[in-house]
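First up is the structure itself, then whatever we jot down about it.
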Amino acid sequence: MKDLVERLYPICRSITGDGVRKTLEIVGELIPLSVTEVPTGTQVLDWNVPREWNIRDAWIKDPSGRKVVDFRELNLHVVGYSVPVSGRFTLAELRPRLHTLPGLVPYRTSYYAETWGFCLTQEVLDSLEEGEYEVLIDSTLADGHLTYAEHVVEGETDEEVLISCHICHPSLANDNLAGIAVAVELARWLRDPRYTYRFVFAPGTIGAITWLAANGDRCARIRHGLTLACAGDPGPLTYKRSRRGDAEIDRAVTHVIGDRILDFSPYGYDERQYGSPGFDLPVGGLTRTPYAGYPEYHTSGDNPGFVTEAAMADTLRALKEVVEVLEGNRTYLNLSPYGEPQLGRRGLYGSLGGRSDTKTAQMAMLWVLNLSDGDHSLLDIAERSKLPFGAVAMAAKDLQDAGLVKEKA
Ligand code: ZN
């Protein structure tokens with residue numbers, strides 16, 4: 001995962017353009033993708049697909065001709081969607097177009113207001129002397145396409161689980177690339193699932209809106225979903241509930257990750273598009289440190305050194321557990337509900353005394369028997385018993401094999 005983050009990091013992505021295509025080409029080497037190109041001007045819900053932006057070079061040269069800001073060193077140096085410019089400006093004329101942070105290069109964009117600008121550290125700006133500066137931004141803003149891609153793992157049913165990652169940020173590692181890398185590994189891990197898993201790699205906001213505009217009829221099949229972002233920083237996992245707040249995905253993720261749970265708000269990543277009232281899809285947001293919650297957020301500090309393989313592996317582990325809950329969550333009926341059935345006679349009661357997992361396994365069996373009245377799913381039972389879902393699911397399987405429970409039709 002870290003290798004993929006490092007490989008994607010130098011590419012200058014935006015909401016449209018060749019950086020997105022190059023990114024999808026590399027992701028497509030790892031998992032098959034179907035890529036969709038939507039022309040500029042296409043109406044998508046209340047929006048229109050914007051003109052496509054591409055950039056080749058950009059710099060500022062000081063009065064002595066030395067490059068003091070260079071896009072080729074770091075693509076965050078140019079405000080995203082900057083219009084082309086070539087000319088000479090005094091430092092005073094340039095200042096309003098220069099965005100700074102102490103010790104860090106900020107990430108700025110201007111998608112829908114035509115302008116241009118540069119981003120640099122406050123220290124570099126402070127070191128600049130008065131005089132005439134030469135400026136170049138070799139970009140194009142022209143009719144073209146918005147690009148997004150999907151990867152589908154077919155399941156037994158056409159009911160879907162949606163995993164959505166934004167792919168529109170340039171050189172930012174945690175916010176964007178770590179989520180993509182974890183999603184790719186999750187996709188590669190899935191084998192013969194019950195649900196169909198749809199991975200959407202789309203530019204933030206306009207990309208999700210474009211996908212929703214083209215997939216309105218598919219939305220009825222989406223049973224569970226997650227946006228995945230900020231998946232590789234050292235902070236603990238955090239889950240933001242779907243708009244519904246009590247959807248099965250909300251309960252499944254809460255069961256897996258514990259108490260770092262935030263309520264839905266119509267801000268953040270594309271859960272706000274999937275959770276707009278017309279769609280109201282059960283899509284929550286999984287991050288480590290949440291949106292805008294760390295000092296490196298949207299700055300040059302969010303580089304591959306900020307994300308770790310261990311953190312991404314932990315995010316992936318949690319996602320696999322969430323998938324196991326969604327895949328395994330069924331409701332059973334106790335076929336011997338009058339009094340406790342005699343487990344020992346059926347070989348189900350701990351002859352293996354002393355094993356550390358024996359007590360958990362036995363408690364899980366008693367809970368499954370007690371709550372399998374047709375009204376409680378295995379996730380209900382795991383929540384109420386405070387036992388791991390895996391133990392509850394295993395107990396249900398053992399009881400089914402022994403003829404004591406059957407799956408509710
Ligand atoms: Zn961001």
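Go ahead and estimate [θ] at 222 nm for the chain from helices alone: -39,500 (n - 2.57) per DSSP H run with n ≥ 4, summed, over the residue count, rounded to 500. Let's see the in-between values first.
Values: 12 runs with 119 residues, N = 409.
Rounded to the nearest 500, the figure is -8500 deg cm²/dmol.
On a 0 to 90° scale, report how tilted helix 179-189 is relative to the longest principal axis of the chain, with both axes built from alpha carbons and the result rounded to the nearest 10.
Tilt relative to the chain: about 40 degrees.
How big is the gap, in Å, between the Cα center of region 89-153 and the Cα center of region 361-406?
57 Å
Among the aspartates and glutamates, which fall within straight-line cross-link reach of Lys397, defined as a Cα-Cα distance under 12 Å, with same-chain neighbours fewer than 8 residues apart omitted?
Glu407
Using a 10 Å cut-off on Cβ atoms, rank the peptides 380-390, 294-304, 260-270 from the highest mean neighbour count down.
Values: 380-390: 17.7, 294-304: 19.5, 260-270: 16.1.
Ranked by mean Cβ neighbours within 10 Å, highest first: 294-304, 380-390, 260-270.
What order do you get for 201-210, 135-144, 177-186 when each peptide is scored by the mean count of other beta carbon atoms within 10 Å, highest first?
Details: 201-210: 24.4, 135-144: 16.7, 177-186: 26.7.
Descending mean neighbour count gives 177-186, 201-210, 135-144.
Looking at region 52-142 only, what percent of DSSP beta bridges run antiparallel? Nearest 5 please.
80 percent
Hey, how many Å between the Cα centroid of region 174-221 and the Cα centroid of region 1-74?
Value for the Cα centre distance between the two parts: 19 Å.
Run the dipole for the chain about the Cα centre, Lys and Arg Cβ at +1, Asp and Glu Cβ at -1, nothing else charged, and hand back the magnitude in debye, nearest 20. Display every interim value, and only then the final one.
On the way: 42 positive and 57 negative charges, 196 e Å.
Charge dipole of the chain: 940 debye, to the nearest 20.
Summing Lys, Arg as +1 and Asp, Glu as -1, what charge do residues with Cβ under 9 Å from the Cβ of Gly390 carry, Gly390 excluded?
Here the count lands on -2.
Working only with C-alpha atoms, what are the Rg and Dmax values of region 52-142, expressed in angstrom?
Here Rg and the maximum Cα pair distance are 12.2, 36 Å.
Using θ = phi - 60° and the Karplus form 6.51 cos²θ - 1.76 cosθ + 1.60, what ³J(HN,Hα) does each residue of region 32-42 get, whole Hz, x for Gly and Pro?
Listing the rounded values in order: x, 10, 9, 9, 10, 10, 10, x, 3, x, 4 Hz.
Which cross-chain or sequence-distant (5 or more) residues have an amide H under 5 Å from the amide H of Gly232, H modelled 1.01 Å from N in plane?
Here the answer is Arg288, since their amide H atoms fall under 5 Å of that of Gly232.
Using packing as a proxy for protection, rank 231-239, 85-93, 327-335 so that the peptide with the highest average count of other Cβ atoms within 10 Å comes first.
Highest mean packing first, the order is 231-239, 327-335, 85-93.
When the chain is treated as a GNM, springs tying every alpha-carbon pair under 10 Å, which of Ser14, Ser377, Ser127 comes out with the largest mean-square fluctuation?
With Cα springs under 10 Å in the chain, the top fluctuation among Ser14, Ser377, Ser127 is at Ser127.
Bear in mind these aren't lab numbers, they're just calculated from the coordinates by the rules spelled out. Just so it is clear, the structure is predicted and the values come from calculations on it, not from any experiment. When we count neighbours, we look across all protein chains shown, and the Cβ atoms used for this are built from the backbone with ideal geometry, even at glycine.
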